[in-house]
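Inspection log for the structure reproduced underneath, given as structure tokens.
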Amino acid sequence: GTNYPNPFNTNTKINYVLPESSFVTINIFDSFGRLIRILKQGNQAAGIHIVEWDGKNSNRQMMTAGLYFYELKTVNYEETKPMLLYK
């Protein structure tokens, strides 16, 4: 997957391709490795998917500028990539 824009100001879109149907989880972590938001969790069909992160945590509070990571997990795949939030 990739996210764009990166760095981002108010939101970023994470796009990914599933070669087959799978259970998908997309988590957002801060630079200390703390889970701040679960963006997606559930079954998805094969194909291209896009999920958007608005820079907010699970309590809907805007996060401060800094480095964050998204983790994309499927049944057969896992990746973690950085994102930079600026104000």
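The values are calculated or read from the model by the stated rules, or taken from the named source; none is laboratory data. Computed from a prediction, not measured in an experiment: that's the story for all the values here. Glycine also receives a Cβ, built like all others from the backbone with ideal geometry; neighbour counts cover every protein chain displayed. Please note that ligands, DNA and RNA were not included when accessible areas were found on the heavy atoms of the full protein model with its side chains. Shrake-Rupley method; radii C 1.70, N 1.55, O 1.52, S 1.80 Å.
Tabulated results
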| quantity | calculated |
| --- | --- |
| Protection proxy ranking, peptides 59-67, 6-14, average beta carbon neighbours within 10 Å, highest first | 6-14, 59-67 |
| The chain - charge dipole about Cα centre, Lys and Arg +1 at Cβ, Asp and Glu -1, debye rounded to 20 | 300 debye |
| Within the chain, percent of DSSP bridges classed antiparallel, to nearest 5 | 95 percent |
| The chain - percent of accessible surface contributed by carbon and sulfur, probe 1.4 Å | 53 percent |
| Label-point separation in nm, Q41 to T10, each point 7 Å along Cα→Cβ | 2.8 nm |
| Accessible area (Å², per residue) of the chain, counting only protein heavy atoms and a probe of 1.4 Å | 59 Å² |
| In Å, descending, principal axis extents of the Cα set of the chain | 37, 22, 19 |
| Charge dipole (the chain, unit charges on Cβ, about Cα centre) - positive-most of N15, M63, I36 | M63 |
